[in-house]
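Following: one structure in structure tokens, then a few remarks.
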Amino acid sequence: MKLIIGLAKASHFGPTMTVTITSLLLATNLWWEGPAIMIAFGVFLGQLLVGFTNDLNDYQDDLKHQRTNKPLVSGVITTSQLQRAIKIVAPIAVVINIAGPLGIKGGLIYLFGVGMGISYNLYFKSTLLSPLPYAIAFGALVSCIVVATDRRPPLWLITAASLLGVAAHFANVLKDLDQDLTSGIK
């Protein structure tokens with residue numbers, strides 16, 4: 001049970017569930033419930049990867065700033081447990097998203113968005129371009145679901161999702177802004 005709680009915390013559970021529920025709501029407007037639930041599950045797995053890689057990458061900085069609310073810092077889980085979870089979730093996320101209702105085109109678009117989330121964690125986070133992966137990933141999320149229905153996503157939908165992504169980025173960074181600046185994260 002301790003491991004499950006630690007993994008849930010490492011996944012950034014609130015944002016992960018928000019993105020998952022948003023994908024479910026969009027998918028239910030374009031699909032019936034069965035495929036919509038499968039799409040949401042694939043999105044959930046991708047969001048787990050983004051959250052897990054974020055906590056793993058931030059571990060040393062979280063230690064430095066004594067962020068005891070983080071599961072790795074508090075000792076609820078270990079880095080090896082989190083690495084193992086990433087190794088288990090990653091291939092399942094790829095298969096579910098490409099072989100599931102999103103299909104190859106939609107699945108690849110979504111996985112590109114997940115890749116943008118991971119690239120934020122590993123590189124963009126400490127640069128002035130940090131909002132960019134959020135904008136692209138949120139745009140990819142809505143696009144993948146629409147593209148999977150053989151439609152072209154409307155520009156307004158991609159723009160709105162991208163702007164929401166940028167807003168989510170700034171809402172996320174404000175809470176740790178002082179500590180991030182002392183760590184060289186701009």
Q. For segment 14-58, which residues satisfy the criterion of being modelled with pLDDT under 95 and aromatic (Phe, Trp, Tyr)?
A. Trp31, Trp32
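Criterion first (closer than 19 Å to Phe13 by Cβ and among the β-branched types (Val, Ile, Thr)) does Ile104 satisfy it?
On the way: closer than 19 Å to Phe13 by Cβ: no; among the β-branched types (Val, Ile, Thr): yes.
The answer is no for Ile104.
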Q. Exactly one of (1) closer than 19 Å to Val147 by Cβ; (2) more than 14 Å from the chain's Cα centre (by Cα) is unmet by Arg67. Its number?
A. (1)
Q. Within segment 146-180, which residues are farther than 19 Å from Thr18 by Cβ, open to solvent by 100 Å² or more (accessible area, probe 1.4 Å) and modelled with pLDDT under 90?
A. Asp178
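The values are calculated or read from the model by the stated rules, or taken from the named source; none is laboratory data. Predicted model only: the values in this text are computed from it and were never measured. Heads up, the Cβs are rebuilt from the backbone with ideal geometry, glycines too, and the neighbour counts pull from every protein chain shown. Side chains are part of the model used for accessible areas, which takes the heavy atoms of the whole protein and leaves out ligands, DNA and RNA. Shrake-Rupley method; radii C 1.70, N 1.55, O 1.52, S 1.80 Å.
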